[in-house]
1. Given the conditions (1) surrounded by fewer than 24 Cβ atoms within 10 Å (Cβ to Cβ); (2) under 22 Å from residue 97 (Cβ atoms), and given that residue 169 satisfies all but one, which numbered condition is not satisfied?
2. Check residue 111 against each of (1) out of contact with any helix residue (DSSP H, G or I) (no Cβ under 9 Å at 6 or more places or on another chain); (2) modelled with pLDDT under 95; (3) not in a helix (DSSP H, G or I) and name the one condition it does not meet.
3. Is it fair to say residue 78 is surrounded by 24 or more Cβ atoms within 10 Å (Cβ to Cβ) and either at pLDDT below 95 or not in a strand (DSSP E or B) (or both)?
4. Looking at this structure, is residue 224 under 16 Å from residue 68 (Cα atoms) and either at pLDDT 95 or above or surrounded by fewer than 18 Cβ atoms within 10 Å (Cβ to Cβ) (or both)?
5. Give just the number: which of (1) under 16 Å from the mean Cα position of the chain (by Cα); (2) modelled with pLDDT under 95 does residue 138 not satisfy?
6. Restricting the search to the stretch 130-144, which residues are out of contact with any helix residue (DSSP H, G or I) (no Cβ under 8 Å at 6 or more places or on another chain) and surrounded by 12 or more Cβ atoms within 10 Å (Cβ to Cβ)?
7. Is it true that residue 94 is touching a residue at least 24 places away in the same chain (Cβ under 8 Å), surrounded by fewer than 23 Cβ atoms within 10 Å (Cβ to Cβ), in contact with a helix residue (DSSP H, G or I) (Cβ under 8 Å, 6 or more places away or on another chain) and in a loop (DSSP other than H, G, I, E, B)?
8. Could you tell me whether residue 127 is without any contact (Cβ under 8 Å) to a residue 12 or more places away in the chain, surrounded by fewer than 19 Cβ atoms within 10 Å (Cβ to Cβ) and either closer than 24 Å to residue 175 by Cα or within 14 Å of the chain's Cα centre (by Cα) (or both)?
């Protein structure tokens with residue numbers, strides 16, 4: 001049975017033995033935003049608090065999920081832009097952890113509402129001026145191919161979430177209900193969601209809210225949060 005708050009843009013599915021939620025967002029019908037801090041410039045620190053803060057401002061999102069990796073002080077690890085203002089710059093450094101499992105990439109939304117996912121170097125070369133942007137990593141799908149460093153089904157399995165953009169411009173936000181490998185999650189975006197480019201947001205801390213209520217709550221901190229609104233809420 002569907003949860004009572006589930007938006008009609010989201011569907012439950014099962015892929016390679018794992019349950020997942022796949023939400024298809026049409027920029028013509030929906031407004032996609034990234035949020036990170038409250039009115040006092042304090043990081044929300046979780047999807048639940050971000051949704052509560054938005055609701056207090058009269059803008060309860062249709063859905064919201066964590067949307068990028070963060071440092072211990074909750075600042076974004078990579079590029080983060082909100083309402084055209086860049087809070088953290090593009091990060092091309094090498095390092096350890098999923099963010100640095102290159103190629104990593106950027107999820108972005110333009111002023112006209114169109115969205116995209118690009119590998120970091122391609123994003124830098126495109127000289128994009130986004131309304132919203134969040135850099136994360138690794139890329140899941142790059143021009144129709146899975147990330148070259150993924151094993152077919154590695155032993156590291158977590159509840160995971162990410163974003164992709166289809167050829168028709170619709171945005172796919174997906175989260176698993178069961179632990180999966182990065183390889184399997186990449187195939188979900190490539191083979192089920194049909195996204196030629198997709199980006200991993202996070203694992204283990206992945207959380208989802210819809211209709212103002214938490215549907216999947218890892219109980220862990222979250223930095224940047226992507227929120228989807230109906231255009232009648234603007």
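The values are calculated or read from the model by the stated rules, or taken from the named source; none is laboratory data. Everything numeric in this text was worked out from a predicted model, so none of it was measured. Cβ placement follows ideal geometry from the backbone for every residue including glycine, while neighbour counts extend to all protein chains displayed.
1. In the conditions (1) surrounded by fewer than 24 Cβ atoms within 10 Å (Cβ to Cβ); (2) under 22 Å from residue 97 (Cβ atoms), residue 169 misses (2) alone.
2. With respect to (1) out of contact with any helix residue (DSSP H, G or I) (no Cβ under 9 Å at 6 or more places or on another chain); (2) modelled with pLDDT under 95; (3) not in a helix (DSSP H, G or I), residue 111 is out only on (2).
3. When the stated conditions are applied, residue 78 passes them.
4. Against the criterion (under 16 Å from residue 68 (Cα atoms) and either at pLDDT 95 or above or surrounded by fewer than 18 Cβ atoms within 10 Å (Cβ to Cβ) (or both)), residue 224 qualifies.
5. (2)
6. Of everything in the stretch 130-144, those that are out of contact with any helix residue (DSSP H, G or I) (no Cβ under 8 Å at 6 or more places or on another chain) and surrounded by 12 or more Cβ atoms within 10 Å (Cβ to Cβ) turn out to be 130, 131, 132, 133, 134, 139, 142.
7. Against the criterion (touching a residue at least 24 places away in the same chain (Cβ under 8 Å), surrounded by fewer than 23 Cβ atoms within 10 Å (Cβ to Cβ), in contact with a helix residue (DSSP H, G or I) (Cβ under 8 Å, 6 or more places away or on another chain) and in a loop (DSSP other than H, G, I, E, B)), residue 94 does not qualify.
8. Taking the combined requirement at face value, the residue does not satisfy it.
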